[in-house]
1. Does the stretch A:57-69 contain any residue that is of a type in the set (Lys, Arg) and within 17 Å of residue B:22 (Cβ to Cβ)?
2. For the stretch D:47-74, enumerate the residues that are under 19 Å from residue C:56 (Cβ atoms) and within 13 Å of chain C (Cβ to nearest Cβ).
3. So how many residues does the stretch A:37-56 have that are of a type outside the set (Ser, Thr, Tyr) and closer than 20 Å to residue A:4 by Cα?
4. Test residue D:95 against the criterion of being in contact with a strand residue (DSSP E or B) (Cβ under 6 Å, 6 or more places away or on another chain) and touching a residue at least 24 places away in the same chain (Cβ under 8 Å), and give yes or no.
5. How about the stretch A:75-102: which of its residues are in contact with a Leu (Cβ under 8 Å, 6 or more places away or on another chain) and over 17 Å from residue A:3 (Cβ atoms)?
6. Restricting attention to the stretch D:104-130, which residues are over 17 Å from the mean Cα position of the chain (by Cα) and either in a loop (DSSP other than H, G, I, E, B) or surrounded by fewer than 12 Cβ atoms within 10 Å (Cβ to Cβ) (or both)?
7. Just one of the numbered conditions (1) more than 10 Å from chain A (Cβ to nearest Cβ); (2) more than 17 Å from residue B:101 (Cα to Cα) is not true of residue B:78; which one?
8. What are the pairs, 6+ residues apart or on separate chains, where a residue within the stretch A:4-29 that is touching a residue at least 60 places away in the same chain (Cβ under 8 Å) has its Cβ under 6 Å from a residue that is among the polar types (S, T, N, Q) and part of a loop (DSSP other than H, G, I, E, B)?
4 protein chains.
Amino acid sequence: MFIHETSLRVRYAETDQMGIVYYGNYSQYYEVGRVEAIRSLGISYKEIELNGILMPVTKMNIKYVLPAKYDDLLKIVTIVKEKPDKRISFRTEIYNMNEELINFGEVTLVFLETETKKVVDIPSFLWDKMKVFF
Amino acid sequence: MFIHETSLRVRYAETDQMGIVYYGNYSQYYEVGRVEAIRSLGISYKEIELNGILMPVTKMNIKYVLPAKYDDLLKIVTIVKEKPDKRISFRTEIYNMNEELINFGEVTLVFLETETKKVVDIPSFLWDKMKVFF
Amino acid sequence: MFIHETSLRVRYAETDQMGIVYYGNYSQYYEVGRVEAIRSLGISYKEIELNGILMPVTKMNIKYVLPAKYDDLLKIVTIVKEKPDKRISFRTEIYNMNEELINFGEVTLVFLETETKKVVDIPSFLWDKMKVFF
Amino acid sequence: MFIHETSLRVRYAETDQMGIVYYGNYSQYYEVGRVEAIRSLGISYKEIELNGILMPVTKMNIKYVLPAKYDDLLKIVTIVKEKPDKRISFRTEIYNMNEELINFGEVTLVFLETETKKVVDIPSFLWDKMKVFF
């Protein structure tokens, strides 16, 4: 299992007229969590793309427990529980400044070869960085 | 069961550097589908809010089958299968111009009294418009 | 001079906690105006890109007169006043349902050859559609 | 004159299919710059709103010099040159990791009393924090 933690400040742009973060913007917070989790392994998602691999999302689910609000400093916890194969699933948990779990969800991405657009196994240059956790 | 159909043009802003619609932007398409579905009943979501009811999202799940691309004219089908109570669930199906199902998902929203922030039953002014379908 | 008019419904996602459209989202409305203006000429911006031309923005200015609000049906007027050369400038005027001018601005884009990334004159396949207006 | 510097990582969501940051998203970067500049004074924009003042944007202009790209770590420099009165103007300069100026612009905001929606002078609780710079 691989766990990573980062933090993020809610932007005014991300709120809506209900006075809370718009429900569609959590996917950006999940992205920030994933990207920083991967970076902590010593490789960036940008480098993954430069190495000829794309990672489109194939499914997502989200539970909204409590609202995030403007200027909140959120804790984003990103977890990979299962060994990735052709797919990788990230669980994200978001906590507010009172350490309350306000939102959680799972995002599954598939490894695609950019050139052929074929689904492939997790590339070895990424797996080499992750295998110690599984 | 209540079904409604609308269409929507993909904006450049909604694409990402993968050349497809960013996975987080489908929630906006689902919103457009819901809002136009409600409008077709003879009431707008705006009026629901003006009548003292907020409808925050409590969960969402999405399956990404095929990518939507820039300038695609998408068909957004919005379906309410189950009789709403304190919650209402919308299924959304998105089709491209070749009538392929490219994306589908469910969003559940809860009825909240704006003033008290308490969960309440579907307000009668909305249910009166919908009950014929259930 | 070339003038085109389209309309657009404000999304919930586009509002912020001030209860109005977030100031950064007008650039999307301007994009919709430009894209539909070009389409009305008988060519789409998508086709322009497929023909090897990119049109990045080089400058923008916006005046915010009155706020746009959730669910407003806005009229987007797009105007090309000056004959395009290596650049094209679009003026956009946004009107609310009371015919009040609520927002206006100018966006300048440059014609770039996708392959060489060099600035080029307006491509003839586009100019041929526009020249009647100048 | 008041100058403040912060940094920000470009999100995948903020890119478009041109492979660069969408031109409309710089307004969010400007917002982050302003908000962190104000926070450095010992007050947050959130507190300004809690004290009954809203700050809607009345104009913006942007020059796009070079594109920002995915995963760039941008330096956001926020400058208030002129003494604020009923309005406050922020100049923002954005630099990439090679210290190149890639984007700059000005945003003017007005002080509004939330309750009356009337334009007012810069509130004293904010001016007291800023006056040392003018």
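Since every read-out is calculated from the coordinates, none of them should be taken as a lab result. In this text the structure is predicted, and so the values were computed from the model without any measurement. Here Cβ is always computed from backbone atoms with ideal geometry, including for glycine, and neighbour counts include all displayed protein chains.
1. Yes: the stretch A:57-69 contains one or more residues that are of a type in the set (Lys, Arg) and within 17 Å of residue B:22 (Cβ to Cβ).
2. Result: D:60, D:61, D:62, D:63, D:64, D:65, D:66, D:67, D:68, D:69.
3. Here the count works out to 10.
4. no
5. Selection gives A:87, A:96, A:97, A:100, A:102.
6. Across the stretch D:104-130, the qualifying residues are D:114, D:115, D:116, D:117, D:118, D:120, D:121, D:123, D:124.
7. Failing condition for residue B:78: (2).
8. A:4/A:40
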